[in-house]
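The values are calculated or read from the model by the stated rules, or taken from the named source; none is laboratory data. Keep in mind the model is a prediction, meaning the values are calculated, not measured. Here the Cβ positions follow ideal geometry from the backbone for every residue, glycine too, while neighbour counts run over all protein chains shown. Heavy atoms of the whole protein, side chains included, go into the accessibility calculation; ligands, DNA and RNA do not. Shrake-Rupley method; radii C 1.70, N 1.55, O 1.52, S 1.80 Å.
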Amino acid sequence: MLPLPPGSRIGILGGGQLGRMLALAAAPLGFRCHIFGPDDQPPAGQVTDRITIADYLDEAALNAFAASVDVVTLEFENVPATCLEFLAQRVPVRPGARALATAQDRLLEKDFANSVGAATAPYAAVDNLRDLQGAMAKIGSRAVLKTRRLGYDGKGQIMLDRGADLDQAWQTLGGTPSILEGYIPFDGEISVIAARATNGTIGAYPPIANHHRNHILDRSEVPADLNSVQADRAVAIAADLATALDYVGVLAVEMFVVGDDLLVNEIAPRVHNSGHWSIEGAVTSQFEQHIRAICGLPLGAMALRGRIEMQNLIGDDVEQVPSLLAEPGAHLHLYGKTEVRPGRKMGHVTRILPEGVLPKPTAP
Ligand code: AMP
């Protein structure tokens with residue numbers, strides 16, 4: 001059935017800003033999108049002609065959705081695996097249930113990264129208070145307790161120092177299956193966004209430097225300030241993970257930079273906030289690249305159009321819109337969310353920088 005011809009319909013699980021930007025990228029390639037998710041008024045629904053508002057486990061709604069689309073993808077990684085398995089019996093689902101299951105569970109994710117030779121922080125499974133006490137003794141004086149599932153933007157994790165009240169920490173996370181990770185005093189955080197086509201071809205953007213505010217991505221710069229050995233290694237890690245998962249689509253790998261070492265922190269089986277700059281800053285955006293990959297089309301070029309910075313507009317930052325509109329060359333993207341809440345991603349702005357303005361030059 002691949003490649004999908006123009007006019008085909010792509011089903012997207014989840015209706016947030018990632019789905020919105022995927023749908024906007026699908027249109028010039030001649031594809032239409034159908035958004036499926038439980039939330040009322042999904043931002044992606046404003047730019048598509050079909051939306052289903054239903055639970056991810058509503059089989060009747062999933063059946064109708066599967067019948068109306070030619071391929072299914074996702075913009076939200078906490079879709080239940082059973083939803084993907086149900087859909088996969090009816091329509092191609094890319095990426096597949098295995099990639100999703102691996103990325104949804106921090107323990108499986110770290111085991112998997114290590115199995116393909118990518119280093120991670122030291123970690124141990126924690127299923128009860130005794131495990132936590134044992135893991136704390138093994139991992140060292142500073143550690144981070146994280147729930148295995150459903151954590152994001154710093155939610156579902158607690159920093160623990162020697163002497164911390166472990167009982168209280170365990171209760172605070174709700175006594176759910178977790179992992180304890182060694183605290184990494186990193187020099188920086190980067191991500192690599194890679195794409196893998198149905199024929200196994202892989203491409204990646206240069207590594208991206210990420211800066212967080214209150215555990216939420218605030219700003220990304222590309223290319224990251226890495227030497228060429230580190231940059232090549234970072235891209236190779238992402239490519240190895242994508243190949244080992246037999247992945248189709250765009251995936252993001254977040255890593256800590258510690259001296260010459262790179263430690264995998266998270267794998268996101270989807271387009272990623274740290275790649276939003278690629279809409280104006282790369283020859284092919286991450287959104288178009290994902291659509292190309294899942295529809296069986298060849299990947300586009302991933303070269304940069306310059307040095308680029310992306311700034312998220314979080315909560316009240318959206319008040320900067322008038323001044324951003326007045327700034328020549330600032331590319332503004334608003335996500336169509338009417339209610340402003342602290343910590344809510346309302347939009348982003350991308351700037352392609354004149355050489356030498358930001359950041360420091362890439363080391364030789
Ligand atoms: P995560 O939800 O795993 O992406 O973690 C959110 C943020 O917390 C990361 O981007 C880091 O800034 C910080 N963090 C997470 N795990 C660790 C760790 N093991 N050591 C140091 N900082 C961490």
Practice prompt. Show the residues, 5+ positions off or on another chain, whose built amide H is closer than 5 Å to the amide H of residue 160.
Written response: 143, 144, 145
Practice prompt. Provide the per-residue ³J(HN,Hα) series for segment 31-36, in order, calculated from phi with Karplus coefficients 6.51, -1.76, 1.60 and θ = phi - 60°, each as a whole number of Hz, with x at glycine and proline positions.
Written response: 9, 10, 10, 10, 8, 10
Worksheet item: Between segment 1-27 and segment 311-353, what's the alpha-carbon centroid distance in Å?
Response: 24 Å
Practice prompt. Report, to the nearest whole %, how much of the accessible area of the chain belongs to carbon and sulfur atoms, 1.4 Å probe, protein only.
Written response: 52 percent
Worksheet item: Contour minus end-to-end for residue 116 and residue 40, with contour as 0.36 nm per residue of separation and end-to-end as the Cα-Cα distance?
Response: 23.4 nm
Discussion item. Quick check: the distance between the Cα centres of segment 270-301 and segment 39-102, to the nearest angstrom?
Written reply: 20 Å
Discussion item. 5 Å is the cut-off here: which amide hydrogens, built 1.01 Å from N in the peptide plane, fall below it relative to residue 212, excluding neighbours closer than 5 in sequence?
Written reply: 218
Worksheet item: With +1 on each Lys and Arg Cβ and -1 on each Asp and Glu Cβ, how big is the dipole of the chain about its Cα centre, in debye rounded to the nearest 20?
Response: 440 debye
Worksheet item: Taking a probe of 1.4 Å, how large is the accessible area per residue of segment 279-346, in Å²?
Response: 44 Å²
Fill in: ³J(HN,Hα) computed for each position of segment 213-229 - Karplus, 6.51 cos²θ - 1.76 cosθ + 1.60, integer Hz, glycine/proline x
10, 6, 6, 10, 4, 10, 8, 10, 10, 9, x, 5, 7, 10, 6, 5, 5
Item to complete: Over all alpha-carbon pairs in segment 103-251, figure out the percentage whose distance exceeds 20 Å.
Response: 56 percent
Item to complete: Identify all lysines with a Cα-Cα distance to residue 337 below 23 Å; exclude those on the same chain that are fewer than 8 residues away in sequence.
Response: 155, 345
Worksheet, complete the sentence: From most to least accessible, 1.4 Å probe, no ligand or DNA/RNA atoms counted, 110, 155, 138, 337 line up as 138, 155, 337, 110
Item to complete: Give, as ranges by residue number, the residues of segment 222-239 whose backbone N falls under 20 Å from the point 7 Å along Cα→Cβ of residue 305.
Response: 222-224
Worksheet item: Which shape class applies to segment 122-182: rounded if a/c is under 1.5, otherwise prolate when a/b exceeds b/c and oblate if not, where a ≥ b ≥ c are the square roots of the Cα gyration tensor eigenvalues?
Response: rounded
Worksheet item: When each pair of different Cα atoms in segment 95-157 is counted once in the 1/r mean, what is the Kirkwood radius in angstroms, to one decimal?
Response: 12.9 Å
Discussion item. Run the numbers for residue 243 and residue 57: contour at 0.36 nm per residue of separation, minus the present Cα-Cα distance, in nm.
Written reply: 64.0 nm
Worksheet item: Which value, in debye to the nearest 20, describes the size of the charge dipole of segment 187-327 about its Cα centre when Lys and Arg Cβ atoms bear +1, Asp and Glu Cβ atoms bear -1, and nothing else is charged?
Response: 560 debye
Worksheet item: For segment 98-243, with every protein chain kept in place, what is the accessible area per residue (1.4 Å probe, Å²)?
Response: 45 Å²
Practice prompt. Please list, in chain and number order, the residues 5+ apart from residue 93 or on another chain whose amide H is under 5 Å from its amide H, with Hs placed from the backbone.
Written response: 72
Discussion item. For a Förster distance of 22 Å, can you work out the FRET efficiency between the beta-carbons of residue 127 and residue 155, rounded to the nearest 0.05?
Written reply: 0.65
Fill in: Nearest-0.05 FRET efficiency for residue 172 and residue 64, computed from C-beta distance (R0 41 Å)
0.50
Worksheet item: Please state the Cα pair-distance histogram of segment 188-353 with 5 angstrom bins from zero: what percent is in each bin?
Response: 2, 9, 18, 20, 19, 15, 10, 5, 1, 0
Item to complete: Measure off 7 Å from each Cα along the Cα-to-Cβ vector at residue 27 and residue 340, then give the distance between these two points in nanometres to one decimal.
Response: 2.6 nm
Worksheet item: Among the lysines, which fall within straight-line cross-link reach of residue 110, defined as a Cα-Cα distance under 18 Å, with same-chain neighbours fewer than 8 residues apart omitted?
Response: 138, 146
Worksheet, complete the sentence: Expected vector for segment 297-309, Karplus 3J(HN,Hα) from phi with 6.51, -1.76, 1.60 and θ = phi - 60°, integer Hz, x for Gly and Pro, equals 8, x, 5, x, 5, 10, 5, 7, 9, x, 8, 9, 10
Item to complete: Kindly state, to the nearest 0.05, the FRET efficiency for residue 101 paired with residue 218, given R0 = 30 Å and r defined as their beta-carbon distance.
Response: 0.50
